[in-house]
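Asker: After the structure tokens below, expect a handful of questions from me.
The values are calculated or read from the model by the stated rules, or taken from the named source; none is laboratory data. Computed from a predicted structure; not experimentally measured. Positions of Cβ are backbone-derived with ideal geometry, glycine not excepted, and every protein chain shown enters the neighbour counts.
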Amino acid sequence: MEQMCFDNGISDLGCNLISWGLYFSYFLFAIALISGIILPLIKSIQSPKELLKSAAGVVVLVVVFVVAYSISGDEVTLSTASYGVTPSSSKLIGGGLITLYIIFLVAVAGLVYSMVNSALKNN
């Protein structure tokens, strides 16, 4: 890393600050990851019915991804092939994008439904 810092005109102090900043961000990411795994497990032990709801949500997401993956194409153009994209990775990327579009549309539809529903209940 020091050679890269030297090549870009970054001082030793700046290079050290960048290194320590990266280590600190790795540490914070590890804490967030551990918290995101451990705390829901503790909560699910206290109320197992909530775990079933979460599992149902994960199953729905997996089904949506499988459907999106099955309808996505595996085309590779010359420009994307230069980046190392293969037909299988192209299909995986397409499946991820289609899943993102489906989840986005469902979220927007849910927002519109909740706004209309709350507006009708208030009148």
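Rundown of residues vs (1) touching a residue at least 12 places away in the same chain (Cβ under 8 Å); (2) among the hydroxyl-bearing types (Ser, Thr, Tyr), yes/no style:
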residue: Ser47; (1), (2): no, yes
residue: Ser54; (1), (2): yes, yes
residue: Thr77; (1), (2): no, yes
residue: Thr80; (1), (2): no, yes
residue: Ser89; (1), (2): no, yes
residue: Gly94; (1), (2): yes, no
residue: Leu97; (1), (2): yes, no
residue: Gly110; (1), (2): no, no
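Asker: Related question: Inspect segment 72-85 for any residue being modelled with pLDDT of 95 or more, outside the structural domain of Leu41 (by TED's automatic domain parsing), assigned to a helix (DSSP H, G or I) and over 27 Å from Leu41 (Cα atoms) and give the result as yes or no.
Answerer: Step one: list which residues in segment 72-85 are modelled with pLDDT of 95 or more, which gives none.
No, because not a single residue in segment 72-85 is modelled with pLDDT of 95 or more, outside the structural domain of Leu41 (by TED's automatic domain parsing), assigned to a helix (DSSP H, G or I) and over 27 Å from Leu41 (Cα atoms).
Asker: Shifting gears a bit: Looking at segment 47-89, which of its residues are of a type in the set (Phe, Trp, Tyr) and surrounded by 10 or more Cβ atoms within 10 Å (Cβ to Cβ)?
Answerer: Within segment 47-89, Phe65, Tyr69 meet the criteria.
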